[in-house]
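Notes for the one structure printed next.
The values are calculated or read from the model by the stated rules, or taken from the named source; none is laboratory data. On a predicted model such as this, the values are computed, not experimentally measured, just so you know. Cβ: placed from backbone, ideal geometry, glycine included. Neighbour counts: every protein chain shown. Accessible surface areas use protein heavy atoms only, side chains included; no ligands, DNA or RNA. Shrake-Rupley method; radii C 1.70, N 1.55, O 1.52, S 1.80 Å.
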Amino acid sequence: MCGIVGYTGEVQAAPVLLKGLEKLEYRGYDSAGIAVYDGAGIRVAKAKGRLQVLRDLTQDGSLIHGTIGIGHTRWATHGAPSDVNSHPQVSDSGKFAVVHNGIIENYLELKEKLIKKGVTFVSETDTEVVAQLLEYYYKGDILDAMIQVLRRVEGSYALGVLCADAPDQIVAVRKDSPLIVGLGQGENFIASDVPAILNHTRDIYRLNDNEIVVLKKDSVQVFNMDKEPVEKKVTHVEWDISAAEKGGYEHFMAKEIMEQPKAVRDTISPRLRGGRVVFDEISLTPEQIRSFSKIFIVACGSAYHVGVVAKYVLEQTVRIPVEVDVASEFRYRSPILGPDTLVLVISQSGETADTLAALREAKRLGAYTLSIVNVVGSTIANESDDVIYTWAGPEIAVATTKAYSTQLAVVYLLSIYLGDLLGRISLEEYNSYIGELEALPDKITKILEHKDNIQYLASKFFNVRDVFFIGRNLDYAMSLEGSLKLKEISYIHSDAYAAGELKHGTISLIEDGTLVVALATQKRLFEKMASNMKEVKARGAVVLGVTTEDQKQIEKEADYVFYIPDACPMMLPSLAVIPLQLFAYYVSSMKGCDIDKPRNLAKSVTVE
Ligand code: M6R
């Protein structure tokens, strides 16, 4: 999704903006631009393509002078990627420059009205409507104009505005799109995400919906829609700067894969005390938990796949029926839920528009909402009744790895906690689950030590056209994730199937040389998986099996095998996912793909 940066201070703004935008590149973009007030007016430089194009155009920012400015990386929604559609968008007279993340849903209606009043539009973007509206309503007070505009626009937005009439300030606002304020000494910032400002400050304000900030180099004021001042609490970001750097790795994805043992340990350890699972952070009472007759899980993409694992695990350990929904489907299908329902919301960013909408729908229907989120203070975290944070640290690569693994860790913790509270697991099971949980980080490390074996397998298959991932039960859930990981970063077509479903249609796609990744970690289903491997091999498939070290009989069925350490069945997904991530990574690397920023994708999907 689009990235926004704004700076006001003592030093030249353009290089600061370019550096900030670089840190937001992971969000995905197709063009970039900056606007700086140079003492005479607003100077804009923008271009389709990578940030390097803008760097070249401005000679690393040195051609544009001024100490206040806004910058943007655009992920096209309204209008194709082009120079003219890039942000900042400027009003007719050049007085207002605007950067925007989100979608103005009623922009066509507003655009038509403005055209009738003689306003000329140059781009196809919805954002230009905001710039033109600001100019239309401006009577000498930007804040007043901004409030008028916000009353007219519908949709989601994070906006940064520079006005030539007030060149000492940036005005910014957000609704359903992320925006933070960075608080410095003699300089202040706005940004879509923390990495953009981490080199300058760790003190931030997280804006709530429709809070408008007026940013000057030595002051930051926040107002509500009635123009009343709002008191904000400073949040201190604990991240190490190195957490948002590649640290010697070629890609963020590689670094984040390798960080998984630590991320999982950091997520588990604070919640284990004296051999017990402790959730100090949630206010859910045992009485409330006992009142739940149903659990819903809503999420998107990989977080949804965690939800699929969670369904199997929760139903087994807690014995409450669980439904898992893709968040974008949930709110439009009239789900049946109420106060006796626990809705689990899973999101790395805490800003995914579909997941946020599902959360709001669940709350509207009276359910209790508990979110599993990585980004502290994000909208989903703030709006949920309770939040359990995953301590994965910043995840920069578009393809999620360590956030996924930490979400799984929370699912296990929560299942054990709820299962125990409801008396659904014995003391013996409880103690054994705790031991298994504690052992996970070391087992992940052990798999990572054998990453060369996966690299070798990737070298055999990086040229294939189609890959099928198959598995049963929890291995089916892993197939979903393995398939998504591969296709999103390598652009190889791949699909995931419940292995038992193959014979109902998909098996017709198998031909000589088709790669089938067969996940067979679940012992009680191994024989069934062996039959499925036989079925596809008989039709010409090459089988790459993934199983536990003690299930050597897989060698009779699979052409290639990757072994993972054994663990209790419900926690095997935490181990099985590692070779799948590595396989996707190496295949993508061998194909020369842009691993951290795959085409058409954004890290945080803040539009529906
Ligand atoms: O930030 P979220 O966890 O809500 O994001 C959900 C999905 O967009 C995300 O998991 C996506 O599928 C990843 N790119 C997968 O690697």
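Taking every C-alpha pair closer than 8 Å and separated by at least 6 residues, the mean separation divided by the residue count of the chain gives a relative contact order of 12 percent.
Each Lys and Arg adds +1 at its Cβ and each Asp and Glu adds -1 at its Cβ; summed about the Cα centre, the chain shows a dipole of about 600 debye.
Annotation: peptides 349-355, 553-559, ranked by per-residue average of other Cβ atoms within 10 Å with the highest first, follow the order 349-355, 553-559. Comparing the range 101-178 with the 2.2 N^0.38 Å rule of thumb, its C-alpha radius of gyration ratio is 1.04 (two decimals). Would you mind checking the range 199-217 for residues with the amide N under 19 Å from a putative spin-label position 7 Å along Cα→C-beta of V234? So the set is 199-208, 213-217. The P(r) of the range 252-447 has a tail past 24 Å containing 35 percent of all C-alpha pairs.
Determine, for each peptide in 465-478, 373-386, the mean count of other beta carbons within 10 angstrom over its residues, then list the peptides with the highest first. Intermediate values should be presented prior to the final figure.
On the way: 465-478: 24.0, 373-386: 21.7.
Descending packing order for the listed peptides: 465-478, 373-386.
For K363, give me every one of the aspartates and glutamates with a C-alpha distance below 13 angstrom, ignoring sequence neighbours fewer than eight places off in its own chain. Within the straight-line limit of under 13 Å, K363 reaches these aspartates and glutamates: D340, E383, D385, D386. Taking 7 Å steps out from each Cα toward its Cβ at R360 and V278 produces label points 3.7 nm apart. By definition, a body whose alpha carbon gyration tensor gives a ≥ b ≥ c is oblate when a/c is 1.5 or more and a/b is not larger than b/c, and the range 469-596 fits this oblate description. Packing around the peptides 562-570, 338-346, taken as the average count of other Cβ atoms within 10 Å per residue, puts them in this order, highest first: 338-346, 562-570.
Take every DSSP beta bridge whose two residues both sit in the chain; close to 60 percent of them are antiparallel. With the helix formula -39500 (n - 2.57) applied to DSSP H stretches of n ≥ 4, the chain reaches a computed 222 nm mean residue ellipticity of -11000 deg cm²/dmol. What whole number of Å gives the distance from the Cα centroid of the range 134-157 to the Cα centroid of the range 515-558? If we compute the Cα centre of each part, the gap is 61 Å. Projected over all directions and averaged, the alpha-carbon convex hull of the range 464-512 occupies 3.3 nm².
May I ask you to give the percent of accessible area on the chain that is carbon plus sulfur, with a probe radius of 1.4 Å? Spell out each step's value before the answer.
Working: 10920 of 22460 Å².
Exposed carbon and sulfur together represent 49 percent of the surface.
Residue separation of R152 and L108 scaled by 0.36 nm, minus their Cα-Cα distance, works out to 14.6 nm of gained length. Want the number for K139 to Y249: 0.36 nm per residue separation, take away the alpha-carbon distance, what's left? Here the segment from K139 to Y249 would lengthen by 34.4 nm. Three principal axis extents describe the C-alpha atoms of the range 40-110; from largest down they are 39, 28, 16 Å.
How big, on average over all directions, is the shadow cast by the Cα convex hull of the range 246-304, in nm²?
The orientation-averaged projected area of the Cα hull of the range 246-304 comes to 6.7 nm².
I want to verify the translational diffusion coefficient of the range 158-240 in µm²/s; compute it with Stokes-Einstein, Rh as the Kirkwood radius over Cα pairs, at 20 °C and 1.002 mPa s.
After rounding, the answer is 166 µm²/s.
Taking the centroid of alpha carbons for each part, the range 404-477 and the range 1-26 are 38 Å apart.
With only Cα atoms counted, the range 1-86 has Rg and Dmax values of 11.8, 36 Å. At what distance in angstrom do the alpha carbon centres of the range 32-58 and the range 192-252 lie from each other? Value for the Cα centre distance between the two parts: 23 Å.
For K117 and K523 in one chain, what is 0.36 nm times their gap in residues minus the Cα-Cα distance, to one decimal in nm?
Details: separation 406, 0.36 × 406 = 146.16 nm, distance 7.11 nm.
Roughly 139.0 nm would be gained on extension.
Over the chain, the fraction of Cα-Cα pairs per 10 Å bin, rounded to whole percents and listed from the shortest bin up, is 3, 17, 25, 24, 17, 10, 3, 0.
Pairs of alpha-carbon atoms within less than 8 angstrom and 6+ residues apart define the contacts here; what relative contact order does the range 451-591 have, in percent? Working shown, then result.
Working: 266 pairs, mean separation 45.0, N = 141.
After rounding, I find 32 percent.
For the chain, the solvent-accessible area works out to 37 Å² per residue, with a probe of 1.4 Å and every protein chain left in place.
Pull out a ≥ b ≥ c, the square roots of the eigenvalues of the alpha-carbon gyration tensor of the range 3-238, then state rounded if a/c is under 1.5, prolate if not and a/b is larger than b/c, and oblate in the remaining case. All intermediate terms of the calculation are to be shown ahead of the outcome.
On the way: a/c = 1.42, a/b = 1.11, b/c = 1.28.
Rounded.
Label zone of A538 (point 7 Å out along Cα→Cβ, amide N under 18 Å): in the range 473-509 this covers 499-509.
With the Cα gyration tensor of the range 343-435 giving a ≥ b ≥ c as the square roots of its eigenvalues, does the rule (a/c under 1.5 for rounded; else a/b larger than b/c for prolate; else oblate) give rounded, prolate or oblate? Here the range 343-435 falls in the oblate category.
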